[in-house]
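Presented below is the structure to which this report refers.
Readers should treat all values here as calculations from the given coordinates under stated rules, not as data from a laboratory. All values reported here derive from a predicted model rather than from experimental measurement.
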Amino acid sequence: MNALRTLNPEKWVEHYADYLYNYAIVRVNDHIVAQEVVAETFLSGLRGKKNFKGKSSERTWLISILKRKIIDYYRQQQSAKGKAEVSISHQDPEEAGAWLERKAVDLASKSIEDLIENEELRLVILDCMEQLPEKQREIFKMKTIEGLETEIICKKLNISPSNLWVSIHRARKAMMECLERNWFNN
């Protein structure tokens, strides 16, 4: 049985500020806003430390607070402008393609939280793709994202169909492992 974890607010800035900032900057794309939401996260953490149940790590707990702060930021933006300006690009012509687009739901029916989560997933998928070996990544993009036929890919890359399918299998396995590490377990 795991012992419950405790908080150590005196070390938060030292241990988590950079991580939280990097998490925030990717999502808000503004250095000042990222710094503000991280500062608000620390303040909320201090105010709400009695609510920490010790079932997760400090970092996980702070990230969950930060996610809510980012959502609050977008809600404030939406309220100030009278409509949501949060848009998700499901199709980066170079990277994401139709594969991500097929995974997306109608944006009109999504909440701000859903939109942010969708963007986070898109970024994790792209990061996972970047971690694939170059040849595997190229084959994976051509087959899975661009939807090219096996024959066309084999001709273009001068590989056999069995080589293609081994590469696709390895790429999919690596992608799933990466997504489990970086998305499903977060």
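Remarks
- Backbone phi angles across the range 144-154, fed through the Karplus curve with coefficients 6.51, -1.76 and 1.60 (θ = phi - 60°), yield HN-Hα couplings of 7, 8, 7, x, 5, 5, 3, 4, 5, 5, 4 Hz in residue order; Gly and Pro are listed as x.
- Convex hull projection area averaged over all views, the range 9-81, Cα basis, nm²: 5.0
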